[in-house]
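*Asks:* I am attaching a structure below and will ask some questions about it afterwards.
The values are calculated or read from the model by the stated rules, or taken from the named source; none is laboratory data. Quantities reported herein were computed from a predicted structural model and do not represent experimental measurements. Methodologically, a virtual Cβ is constructed for each residue, glycine included, from the backbone with ideal geometry; neighbour enumeration extends over all protein chains shown.
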Amino acid sequence: MPMFRPVPSASPPPILEMRGITKIFPGVRALSDVNLSLRAGRVTALIGENGAGKSTLVKTMTGIYRPDGGDILIDGAPVTFAAPAAAEAAGITAIHQETVLFDELSVAENIFAGHAPTTRFGLLDRKAMIERVGALLRTLDAPFGPRARLKDLSIGQRHLVAVARALSVDARVIVMDEPTAALSQKEADELFAIVERLKAQGRAILFISHKFEEVFHIADDYAVFRDGRSVGAGSLADTDQAEIVHLMVGRPVEQTFPKIAVTPGDVVLEVEDYSHPTEFDGVSFHLRRGEILGLYGLVGAGRSELCQSLFGITRPSRGRVRIKGRDTIIRSPGDAIKAGLVYVPEERGRHGAVLAMPIADNITLASLAEVSRNGILRPASEFALARRYAQRLDLRAASLSQPVGTLSGGNQQKVVISKWLATRPDIIILDEPSKGIDIGSKAAVHGFISELATQGLAVIMISSELPEILGMSDRVLVMRDGRPVRLYDRDGLSAETLVRAATGNMDANAELAA
Amino acid sequence: MTMLTPNAPFAADHGRDAPPPPVRVIPDRADAPFATLLKSWEALLLALILAIFTANSLASPYFLDVWNLSDATFNFTEKAIVALALAFVILAGEIDISVAGIIALSSTIMGATAAAGLPTPVVAAAGLVAGLACGAVNGLLVTTLELPSIVATIGTMSLFRGLAYGLLGDGAYTRYPDGFSYFGQGYVWEWLSFEFAAFLALALLAGFLLHHTAFGRTVRAIGHNPTAAAFSGLRVRRVKFWLFLATGLAAGLASVMLTSRLGSTRPSIATGWELEIVTMVVLGGVSITGGVGTIPGVVLAALVMGLLTFGLGLLNVSGIIMSIIVGAMLIAVIALPILTRKLSLRLRRSAP
Amino acid sequence: MTAPHTLLKSREALLLIAGTVLLGLIALRAPDFVTPGNLATVFTDSAILIILAIGQTAVILTRSIDLSVAANLALTGMAGAMLNAAHPELPVPLLVLASAGMGLGLGAVNGLLVWRIGLPSIVVTLGTLTIFRGAAFVLSGGEWVNTFQMSPAYLALPRETLLGLPVLAWLAVAVIGLAALVFTRTAAGRALYAVGGNPVAAVYAGIDAGRAVFRAFCLSGLLAGLCGYLWVSRFAVAYVDVAAGFELDVIAACVIGGVSISGGVGSVAGAVLGALFLGVIKNALPVVGVSPFWQMSISGAIIIAAVILNTRAERAKGRIILRRLDVGQEAGA
């Protein structure tokens, strides 16, 4: 049941109001009669599962989409945006997750892209650009100058450029879409300080985040979306996390993860002193059947690189890998698959599936030898294999010949996982398995991973979410800057321990002995 | 080893005691196969062929003669053989603009071999090996050095044809051994020329390879999404290398036929052919970005171009006018599906 | 200001160094080649290639390609020559403008097909390449326009010398200067880099990507039209096969000059240096005693070498996690 708490009357009128916004795409109702109010000097958190309509709303707000129904009001007056540039001119900007900046241009050119000052002759006024950008960067304490080339900057620094751009257009409304996704804790804190400053300047901030700790820390008000509708809004002071989760999923969800105790079987993977010239060094661990090994660390710790090297995408510089007791040299993903080790990439849509090809073709893609004889494909075998896994994973599709790109995100994931299960692996590496999945389905994903373990697979799970790592893993390997820090056992493991290990704030004698 | 219980554990949490949901049955295919066929690109090309056939038959009494039609095939089979191989390269997301240069170099080497007095089999073999070697060079540049194929093959195109010019200058090889003329001028049976027979055989092979083998599936996946293909264990670089090798060999074969048909070699042989061959492939419905396309489509496109040039030739239309028509047809045929889609969207939107 | 060592690392600087080395090597065999007079001749000889390469650079920056430039040149050149032969009283500057205007129109056709209909540029220009050249045939009826049919003023313009350089060379210099200004100092020029570097971001920034691509094709066409007049006037003859295959030389010049085929990277200076490189080789070969028949293969080898170097440079530096410890940039420090 939607719940709308009145906002205290002492607060100022909204700068931006979205009233009754509807947006329809062929076959999908992305937004239905959605409302959102953004007030000056306040941070509003926008919360919702994936597919709830958050990014569609942001795109409507910034002029990338035109609403099919409803009004957008600025200071109470209705407006329409013919193009993104119009929204920016009206003072609305967004800082997106992926870089929407130009690597080859300078910081100054990036900030002024699309609205650069010109001289009398129509040429770009370089001097003015450098001066103004320099001043902006100084107010943000940026460690780089206006002439720096964007491709030389880190992700946190690129966010600063995006913020500077918002300031350069004197944006009154700034949307931040998962801004801390790729930032270290220190960079995130710096970002929060900037948000406070923007608040003090009377701007309205829309803060989209999955992380409740952040939301309650930085935001004043909240708005919850579910299935393209507004289901709740109000001031964060009047609510708590449980209520917000309830609004998000529409029913109370058990936050405990369905971890099933499994007696580990034989050792199936042994990794010794595994190293890469530039990405990681000296990693050693072993893995048993039925075990789930969590791999935790900050962004850039080298976890994905380690696993991709195990999978044969890159070559290690030294180290030994033993699979089922035999020394194995893996030089390509093909070798890994033959040895029984598979890797499910983080970007399942982009790197896991061939979206233009049918479901059946995707599921059989890593098992072509099995569904063909002497190199000739046998359609009956293909469909049989695809059907088997589609049924087991409860895939929702009109037919197995349907292109994977037309499926929902969750179903695309199922196709990718099916592809790997079809190779009958012994070891499966999952890179951020629940990334981009909403809370309702997260439990299902975790239940599924537990099932894999009970069936005798050995699982390596890369994750950046502490509750997931703590809830699912039998043991946790923490990495930092490419080096293994420590291998923890499940018993008595706490979030603080892991975070301290990952950030390097540990006792000297607690580090992993060489 | 069985992996999962039939309880569909990936489904949403229904609660511990609920009965397992019914197993969902998904059909293999949605559309009836005939319906998809009718809506396809190949149907469009077939319609075009029928139109050209009809128009030409009405326009000229010489058209519907089996010997004349057989003669007509000569002007496109060599290109079509290369197009069959190039289609695979483009399907894999790459391109090879050096094919005409390969033909020139291969022809030059054959000429030199013939001038040295060597017999027909050796001469033909030399041409094929030359093509293979050029294909290998392209393959190495694109797979080992990871160069973008469009600029790499612009380079090799100049290199290969340049070597032909360097070796032959403004001269020509005109002496070929007896029997060599069979490849380009011989007949297998009645009106069926060796060239056309070879083309048909290769078309069948290519079609089978693309549409019914794991290799063909691999090529498509690589063209659509090379990263996902690599992550799925497909040998992207090796496959691409083979495709460039095959294209080189096909160009070598085309060169044997062309040189045999002309009976002479100049470094300027087959000038401009690369663009015609690429046109043949794209006209055949192969997407220039990779992944999409069929061999029947390429074969039909070759027929379209061949019949058109033959028919217009009978009407004494000059070659260059024909190329205007081919150019316009290329743009029209590619634009048609896009325009119809935009039109239907607009109609749908304006409907109440 | 950019630090000196980063300047040296730029592609253009490396090309300049390579070019100087090349000239040095040539000078060993033929010292007369590197005299200012001769170098000026080489520059003049390469002027058309330079101008076309600049236009092509604009197109390649936006992740497109224009294979129709040579055919465009042939068509506009033929049209201009025929006009001059039929009406020698028309002032030549008017003819030059008309040629450029016609080229602009032809480029706009390419641009519209790519922008409005959304066809891949390689396919579009593959088609217009034959259509334009065919149109030249239709226009001329296959006939040539010979030297004696062209008015003296028509022929004289590119050859007139100012301060020791022919007008042809000065036109190239003017185009270089204007283009450099547009590419670096105008919003439309920077938009080319933005659109090619990150098309999605360009849309978000309010830059009209389609229009930028359209403008690039218009520029390419305009310069091709200008070169149509220059070529025909300089060689004093117009026929259908003028500049056959030249589009590949133009693209080669861009590639050698460091213009990346994946878009967003490249400069006017690079295009100029690439074109000059090819021009030097073409002119030096006979002087050095190498048969000109080897020119094509040498160009091909250089193109391949240039692509290898460019690809190495462009390859994104992988995240080097381990080295971060040395630089002292710790997340928690």
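*Asks:* Considering every residue within segment A:374-396, establish whether at least one is at pLDDT 90 or above, in contact with a Lys or Arg (Cβ under 6 Å, 6 or more places away or on another chain) and outside any loop (DSSP other than H, G, I, E, B).
*Replies:* Taking every residue of segment A:374-396 in turn, none turns out to be at pLDDT 90 or above, in contact with a Lys or Arg (Cβ under 6 Å, 6 or more places away or on another chain) and outside any loop (DSSP other than H, G, I, E, B).
*Asks:* Another one. Can you name the condition, by its number, that residue C:89 falls short on among (1) surrounded by fewer than 20 Cβ atoms within 10 Å (Cβ to Cβ); (2) part of a helix (DSSP H, G or I); (3) not hydrophobic (A, V, I, L, M, F, W, C)?
*Replies:* All conditions are met except number (2).
*Asks:* Related question: Only one of (1) hydrophobic (A, V, I, L, M, F, W, C); (2) assigned to a helix (DSSP H, G or I); (3) within 13 Å of chain B (Cβ to nearest Cβ) is not met by residue C:67, so which one is it?
*Replies:* So residue C:67 meets the others, but not (2).
*Asks:* Might you let me know whether segment A:289-297 holds any residue that is closer than 26 Å to residue A:468 by Cβ, of a type in the set (Lys, Arg) and within 11 Å of chain B (Cβ to nearest Cβ)?
*Replies:* The answer is yes, given that some residue of segment A:289-297 is closer than 26 Å to residue A:468 by Cβ, of a type in the set (Lys, Arg) and within 11 Å of chain B (Cβ to nearest Cβ).
*Asks:* Looking only at segment A:213-245, count every residue that is at pLDDT below 85 and in contact with a Gly (Cβ under 7 Å, 6 or more places away or on another chain) and tell me the total.
*Replies:* Qualifying residue count for the region: 2.
*Asks:* May I pose another question? Looking at segment A:339-355 only, could you name the residues that are within 24 Å of residue B:290 (Cα to Cα) and small (Gly, Ala, Ser)?
*Replies:* Selection gives A:349, A:352, A:353.
*Asks:* Quick one: which helices (runs of 4 or more DSSP H) lie wholly within segment A:77-184 and hold at least 2 residues that are without any contact (Cβ under 8 Å) to a residue 40 or more places away in the chain and within 9 Å of chain C (Cβ to nearest Cβ)?
*Replies:* A:84-89
*Asks:* Among the residues of segment C:25-36, which ones are within 24 Å of residue C:176 (Cβ to Cβ) and surrounded by 10 or more Cβ atoms within 10 Å (Cβ to Cβ)?
*Replies:* C:26, C:33, C:34, C:35, listed by residue number.
*Asks:* With respect to residue C:146, determine if the residue is more than 12 Å from every other protein chain (Cβ to nearest Cβ), buried (at least 22 other Cβ atoms within 10 Å of the Cβ) and either out of contact with any Lys or Arg (no Cβ under 9 Å at 6 or more places or on another chain) or in contact (Cβ under 8 Å) with a residue 60 or more places away in the chain (or both).
*Replies:* Against the criterion (more than 12 Å from every other protein chain (Cβ to nearest Cβ), buried (at least 22 other Cβ atoms within 10 Å of the Cβ) and either out of contact with any Lys or Arg (no Cβ under 9 Å at 6 or more places or on another chain) or in contact (Cβ under 8 Å) with a residue 60 or more places away in the chain (or both)), residue C:146 does not qualify.
*Asks:* If you check residue A:302 against the conditions, is it closer than 18 Å to residue A:267 by Cα, surrounded by 22 or more Cβ atoms within 10 Å (Cβ to Cβ) and small (Gly, Ala, Ser)?
*Replies:* On the way: closer than 18 Å to residue A:267 by Cα: no; surrounded by 22 or more Cβ atoms within 10 Å (Cβ to Cβ): yes; small (Gly, Ala, Ser): yes.
Here the answer is no, as residue A:302 does not meet what is asked.
*Asks:* Moving to a separate point now. Out of the residues in segment A:330-346 that are β-branched (Val, Ile, Thr) and in contact with a strand residue (DSSP E or B) (Cβ under 7 Å, 6 or more places away or on another chain), which is farthest from the other protein chains (Cβ to nearest Cβ)? Even if it seems obvious, please write down each step before you answer.
*Replies:* Initial filter on segment A:330-346 (β-branched (Val, Ile, Thr)): A:330, A:337, A:342, A:344.
Those still in the list that are in contact with a strand residue (DSSP E or B) (Cβ under 7 Å, 6 or more places away or on another chain) too: A:330, A:342, A:344.
On the way: A:330: 11, A:342: 9, A:344: 9 Å.
Residue satisfying both the conditions and the ranking: A:330.
*Asks:* Which of the residues that make up segment C:110-127 are within 19 Å of the chain's Cα centre (by Cα), more than 7 Å from every other protein chain (Cβ to nearest Cβ) and of a type in the set (Val, Ile, Thr)?
*Replies:* Scanning segment C:110-127 gives a single hit, C:125.
*Asks:* Do we find that residue C:57 is surrounded by fewer than 24 Cβ atoms within 10 Å (Cβ to Cβ) and of a type in the set (Ser, Thr, Tyr) in this structure?
*Replies:* no
*Asks:* Name the residue that is farthest from the other protein chains (Cβ to nearest Cβ), counting only residues in segment B:257-272 that are in contact with a strand residue (DSSP E or B) (Cβ under 9 Å, 6 or more places away or on another chain) and hydroxyl-bearing (Ser, Thr, Tyr).
*Replies:* The qualifying residue farthest from the other protein chains (Cβ to nearest Cβ) is B:259.
*Asks:* When the residues of segment B:273-321 are filtered to those that are more than 30 Å from residue C:241 (Cβ to Cβ) and among the small types (Gly, Ala, Ser), which remaining residue is farthest from the other protein chains (Cβ to nearest Cβ)?
*Replies:* B:297
*Asks:* Those residues that are within 14 Å of another protein chain (Cβ to nearest Cβ), farther than 14 Å from residue A:291 by Cβ and crowded, with 22+ Cβ neighbours inside 10 Å, I need them from segment A:454-480; list them, please.
*Replies:* A:478, A:479, A:480
*Asks:* Mind listing just one residue for me: the one in segment C:151-170 that is surrounded by fewer than 21 Cβ atoms within 10 Å (Cβ to Cβ) and modelled with pLDDT of 90 or more and, of those, farthest from the other protein chains (Cβ to nearest Cβ)?
*Replies:* Here the answer is C:166.
*Asks:* Take the conditions farther than 25 Å from residue C:142 by Cα and surrounded by fewer than 12 Cβ atoms within 10 Å (Cβ to Cβ) and apply them to residue C:94. Does it pass?
*Replies:* On the way: farther than 25 Å from residue C:142 by Cα: yes; surrounded by fewer than 12 Cβ atoms within 10 Å (Cβ to Cβ): yes.
So residue C:94 passes the test.
*Asks:* Is it true that residue A:434 is buried (at least 18 other Cβ atoms within 10 Å of the Cβ), without any contact (Cβ under 8 Å) to a residue 40 or more places away in the chain and not charged (D, E, K, R)?
*Replies:* Yes; evaluated as a whole, the condition is true for this residue.
*Asks:* Taking segment A:363-385 only, how many residues are small (Gly, Ala, Ser), closer than 23 Å to residue B:236 by Cβ and more than 31 Å from the chain's Cα centre (by Cα)?
*Replies:* 3
*Asks:* Which numbered condition in (1) under 27 Å from the mean Cα position of the chain (by Cα); (2) among the aliphatic types (A, V, I, L, M); (3) more than 8 Å from chain C (Cβ to nearest Cβ) is the only one that residue A:64 fails?
*Replies:* (3)
*Asks:* Answer yes or no as to whether residue A:195 is surrounded by fewer than 22 Cβ atoms within 10 Å (Cβ to Cβ) and either part of a helix (DSSP H, G or I) or outside the structural domain of residue A:432 (by TED's automatic domain parsing) (or both).
*Replies:* Answer is yes for this residue.
*Asks:* Are any residues in segment B:225-256 within 9 Å of another protein chain (Cβ to nearest Cβ), in a helix (DSSP H, G or I) and either surrounded by 23 or more Cβ atoms within 10 Å (Cβ to Cβ) or hydroxyl-bearing (Ser, Thr, Tyr) (or both), and if so, which ones?
*Replies:* If the condition is that a residue be within 9 Å of another protein chain (Cβ to nearest Cβ), in a helix (DSSP H, G or I) and either surrounded by 23 or more Cβ atoms within 10 Å (Cβ to Cβ) or hydroxyl-bearing (Ser, Thr, Tyr) (or both), then B:227, B:228, B:229, B:231 are the ones that fit.
*Asks:* Kindly evaluate residue B:290 against the criterion of being at pLDDT 85 or above and either among the small types (Gly, Ala, Ser) or under 22 Å from residue B:102 (Cα atoms) (or both).
*Replies:* In short, yes.
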